[in-house]
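The block underneath contains the structure these notes are about, expressed in structure tokens.
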Amino acid sequence: MTPAEMLPAWAALLVALLVLIGAGLALTGAIGTLKLETFFERIHAPTLGTSWGTGAIVLASILCFSVLGSRLAVHEILIGIFITVTTPVTLMLLARAVLYRERTEGREGMPPRSIVFRRSDVLPAEKTKPEGT
């Protein structure tokens, strides 16, 4: 008997639905990467596939192997956690590198550099308060 024959129909349907949702979200992210014009617009599209898409596929895997193994299979959660943690960090580093390059090349429309505030600039009211109050 093959594993597909051992999987109940309700579980197979739910697993197939979750995989289709995950694949659809990954496809949406890929299409967004192709269709959006600037790098800063395109950088957000793949996160759809790597966050919600990965979540749906990980849920499908957990459901499938939990039903087949007659025990809760949660080791797939580590994959989801790893992807969820690394994707934003990678995209942030890419965005900062491109922003730095665009600023050094003098491109128009780039946001200004961060302003570093001194404590007296941020909280001027504290300087006027008498001590001990």
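The values are calculated or read from the model by the stated rules, or taken from the named source; none is laboratory data. In this text, all values refer to a predicted model and were calculated from it rather than measured experimentally. Because the Cβ atoms are built from the backbone with ideal geometry, glycine has one as well, and the counts that use them run over all protein chains shown.
When the stretch 1-10 is limited to residues that are surrounded by fewer than 12 Cβ atoms within 10 Å (Cβ to Cβ) and among the aliphatic types (A, V, I, L, M), the one that is modelled with the highest pLDDT turns out to be 9.
Just one of (1) in contact with a helix residue (DSSP H, G or I) (Cβ under 6 Å, 6 or more places away or on another chain); (2) modelled with pLDDT of 90 or more fails for residue 23. It is (1).
Every residue, every condition in (1) within 26 Å of residue 8 (Cβ to Cβ); (2) among the polar types (S, T, N, Q), yes or no:
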{"site": "36", "(1), (2)": "no, no"}
{"site": "62", "(1), (2)": "yes, no"}
{"site": "84", "(1), (2)": "no, yes"}
{"site": "102", "(1), (2)": "no, no"}
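Just wondering, is there one or more residues in the stretch 10-28 that are within 17 Å of residue 94 (Cα to Cα), of a type in the set (Ser, Thr, Tyr) and touching a residue at least 12 places away in the same chain (Cβ under 8 Å)? There is no residue in the stretch 10-28 that is within 17 Å of residue 94 (Cα to Cα), of a type in the set (Ser, Thr, Tyr) and touching a residue at least 12 places away in the same chain (Cβ under 8 Å).
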